[in-house]
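Engineer: Mind looking over this structure? Questions follow.
The values are calculated or read from the model by the stated rules, or taken from the named source; none is laboratory data. Just so we're clear, the structure is a prediction, and the values are computed from it rather than from any experiment. Virtual Cβ from ideal backbone geometry, glycine too; neighbours counted across all protein chains shown.
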Amino acid sequence: MNSMTLSYQSQLTARRAVSQNEIKVSELKEAAPIVEIKGLNVRTKDGEILKNINLEIPKNKIVVLLGPSGCGKTTLLKSLNRLTDLHKELKVSGQILIDGQDITKAGQNLANMRQKMGLLSQRPFPLPASIYKNVAYGLKLKGIRSKKLISHSVETNLKRVGLWNEVQDRLKSPANSLSIGQQQRLCLARGLAVKPTIILADEPTSALDPISTKIIENLFKDLKKHYTIILVTHVLRQALRLADHVVFMYYGEIIEQGHPDDILKNPKTKILKKYLIDGN
Amino acid sequence: MNRLKIIEEWIFKIISFIAAYSVVLILLYLLLVVFKKGIGALSWEIILSMPEGGYYFGGDGGILNAIVGSFYLSVGATFLAVIIGLPAALFINVQLIRLKRTQNTIRFFLDALWGIPSIVYGAFGFAVMLLLGLNASLLAGIITVALLITPILVRAFDEVLKTIPVELQEASFSLGSTKTETALKVLLKQGLAGFITALLLAFGRGIGDAASVLFTAGFTDNIPVTFDEPVATLPLSIFFQLSSPIEEVRQRAYAAAVVLTIIILIISVSARILSKRYSKNSIK
């Protein structure tokens, strides 16, 4: 066992002495949670990825999942729309309530459930089709056939992400002809078109240049009026800029959570202090 | 850089150069031999006429029966292989996405099938043919060649699908697609260029194989009108006519070899062109 593991375990022991109730979660209780995670565990045969995650995520806030690589942020995010189902090696237990409905139960309409949660991944993955068809794709899956309705939605959502002026004269061009920043905004527009209530964003700016990053961040600030955004990042300054609530994770556990000013400026645990100084 | 490293660099460069260009030279030499022997005999008359007086002894006529027969057989076999192969590849990559061990087991069997020599497929096809009471025919040839190229096609499709990032599937699922919708509307489009290449290469393999059709397709001087008639193919046309004691017939064999080589070259070039054209929407 190396010194880092020993240090981690001793810090965990110290942290466990702090009751969960002592963690400042007042911001969460202001609004009714749209997502409630109760006792969520995700494990593989090699070990646990998420350990007893209990978390409430309020409506119309940006909740940032922060932590070093491999701490389980992405797994937590993908558990929320059950993309973990694609990996048989992942064993999921516990409850995830979205608007009070447990999505982990068998017999769920996964397609409907996933449409409620727009996904933005680290690198943009537009569908192999035109710009127009990318935004129209989800609408057609929803059974919308009216060309007028679809065109209106395409325009509205492209305007919403600030892409309309850049692409309105080339909607039939392949989506991969756009710059990477534009592709990420297209993916956001595509997700918004199916009217989700939650946006899951997994380090959506990690592949982008500073200008595109700023555009996406500004979009998030605007979009939180209508959507709940769960953002995975390990960029501290991004967390400070965007977060209404920060959840710090380490080795599959929630170590601290609260208002970004409290969490990032006055960390309670040694693990978070070390992370804020060293970045790991 | 010290002297030893410079020598090492040069040795590696020379070996790589020889290896790479020897492949090109072998191909060029092969083309040279085939064209040198066959080009003299090749004419529009040979291409557009049927053999006269029998393909083995008749010195007149051409190889139209074998050209058309080869196309009939290869198109039929490729069609059959795609019908089986594409859903199989999609099944492995979409429905079995969570079952890595099952995926790998299926891939192991497909690789084993791929490695079986085509004469074994011919013998197998012949046994099945006898069992079903079929004669050597276009149908029996199509089935045998389809058996030969299906594993090739499935693995080629499979490799194309494996290169598609799982995040693209996740993007599709997160928009509310089912697995079937993701397979048909996203994966097929993303892999289209690769599928076309795989299809054309499988077609090329089918049109060029002699051993698998030796017992099953038969040979004839005519173009088959129904599936239960025997069919001539270019590889067998070369094989049979090259052993003829008549010089004109042997020349026809070389002309058939030139035609077959040109067809294979056209298929290779088409695969590259189509692959480029249909990859414009693919996500890089």
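Engineer: Please go through region B:123-168 and give me each residue that is closer than 27 Å to A:Gln183 by Cβ and either among the small types (Gly, Ala, Ser) or more than 20 Å from the chain's Cα centre (by Cα) (or both), ordered by number.
Structural biologist: Matches in region B:123-168: B:Lys162, B:Thr163, B:Ile164, B:Pro165, B:Val166, B:Glu167, B:Leu168.
Engineer: Follow-up. Being buried (at least 21 other Cβ atoms within 10 Å of the Cβ) and assigned to a helix (DSSP H, G or I) narrows it down to one residue among B:Ala88, B:Ala123, B:Ala112, B:Ala171; which is it?
Structural biologist: Testing whether each residue is buried (at least 21 other Cβ atoms within 10 Å of the Cβ) and assigned to a helix (DSSP H, G or I) leaves just B:Ala171.
Engineer: Identify, from the list A:Ile103, A:Ile98, A:Ile131, the residue that is without any contact (Cβ under 8 Å) to a residue 40 or more places away in the chain, among the hydrophobic types (A, V, I, L, M, F, W, C) and more than 21 Å from A:Glu203 (Cβ to Cβ).
Structural biologist: None of the others qualify; the one that does is A:Ile103.
Engineer: Considering only residues of region A:101-110 that are out of contact with any helix residue (DSSP H, G or I) (no Cβ under 7 Å at 6 or more places or on another chain) and not charged (D, E, K, R), which is farthest from A:Val232 (Cα to Cα)?
Structural biologist: Among those residues, the one meeting the criterion is A:Gly107.
Engineer: Quick one: A:Gly67 ticks every box in (1) within 16 Å of the chain's Cα centre (by Cα); (2) surrounded by fewer than 16 Cβ atoms within 10 Å (Cβ to Cβ) bar one, so which box is it?
Structural biologist: (2)
Engineer: May I pose another question? For region A:251-266, name all the residues that are surrounded by fewer than 21 Cβ atoms within 10 Å (Cβ to Cβ), closer than 18 Å to A:Gly72 by Cα and charged (D, E, K, R).
Structural biologist: Matches in region A:251-266: A:Glu253 only.
This table checks each residue for (1) modelled with pLDDT of 90 or more; (2) on the phi > 0 side of the Ramachandran plot; (3) surrounded by 15 or more Cβ atoms within 10 Å (Cβ to Cβ); (4) within 14 Å of another protein chain (Cβ to nearest Cβ).
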| site | (1), (2), (3), (4) |
| --- | --- |
| A:Ala17 | no, no, no, no |
| A:Gln20 | no, no, no, no |
| A:Ile57 | yes, no, yes, no |
| A:Leu76 | yes, no, yes, no |
| A:His87 | no, no, yes, yes |
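Engineer: On to the next question. Just one of B:Ser22, B:Ser16, B:Ser43, B:Ser74 is of a type in the set (S, T, N, Q) and within 23 Å of the chain's Cα centre (by Cα); which is it?
Structural biologist: The unique qualifying residue is B:Ser74.
Here is a yes/no grid of residues against (1) surrounded by 17 or more Cβ atoms within 10 Å (Cβ to Cβ); (2) among the β-branched types (Val, Ile, Thr); (3) closer than 29 Å to A:Asn60 by Cβ; (4) within 24 Å of the chain's Cα centre (by Cα):
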| site | (1), (2), (3), (4) |
| --- | --- |
| A:Phe125 | yes, no, yes, yes |
| A:Asn134 | yes, no, yes, yes |
| A:Arg145 | no, no, no, no |
| A:Val154 | yes, yes, yes, yes |
| A:Leu163 | yes, no, yes, yes |
| A:Lys172 | no, no, no, no |
| A:Gly191 | yes, no, yes, yes |
| A:Thr205 | yes, yes, yes, yes |
| A:Ile211 | no, yes, yes, yes |
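Engineer: Applying the selection to region B:24-54, what residues are surrounded by 13 or more Cβ atoms within 10 Å (Cβ to Cβ) and in contact with a helix residue (DSSP H, G or I) (Cβ under 8 Å, 6 or more places away or on another chain)?
Structural biologist: Result: B:Leu31, B:Val34, B:Phe35, B:Lys37, B:Gly38, B:Ala41, B:Leu42, B:Ile46, B:Ile47, B:Ser49, B:Met50, B:Pro51.
Engineer: Might you check whether a residue that is more than 14 Å from the chain's Cα centre (by Cα) and buried (at least 20 other Cβ atoms within 10 Å of the Cβ) occurs anywhere in region A:228-250?
Structural biologist: Checked against the condition, which is being more than 14 Å from the chain's Cα centre (by Cα) and buried (at least 20 other Cβ atoms within 10 Å of the Cβ), region A:228-250 yields at least one hit.
Engineer: Still on this structure: If B:Phe57 passes every condition in (1) hydrophobic (A, V, I, L, M, F, W, C); (2) surrounded by fewer than 20 Cβ atoms within 10 Å (Cβ to Cβ); (3) modelled with pLDDT of 90 or more but one, which one does it miss?
Structural biologist: Checking B:Phe57 against (1) hydrophobic (A, V, I, L, M, F, W, C); (2) surrounded by fewer than 20 Cβ atoms within 10 Å (Cβ to Cβ); (3) modelled with pLDDT of 90 or more, the one that fails is (3).
Engineer: Counting only residues that are within 9 Å of chain B (Cβ to nearest Cβ), give me the helices (runs of 4 or more DSSP H) lying completely in region A:90-194 with at least 2 of them.
Structural biologist: Once the helices (runs of 4 or more DSSP H) in region A:90-194 are filtered for at least 2 residues that are within 9 Å of chain B (Cβ to nearest Cβ), what remains is A:110-115, A:131-141, A:180-193.
Engineer: So which residues in region B:249-270 are in contact with a helix residue (DSSP H, G or I) (Cβ under 8 Å, 6 or more places away or on another chain), without any contact (Cβ under 8 Å) to a residue 24 or more places away in the chain and more than 18 Å from B:Gly59 (Cα to Cα)?
Structural biologist: None; the set is empty.
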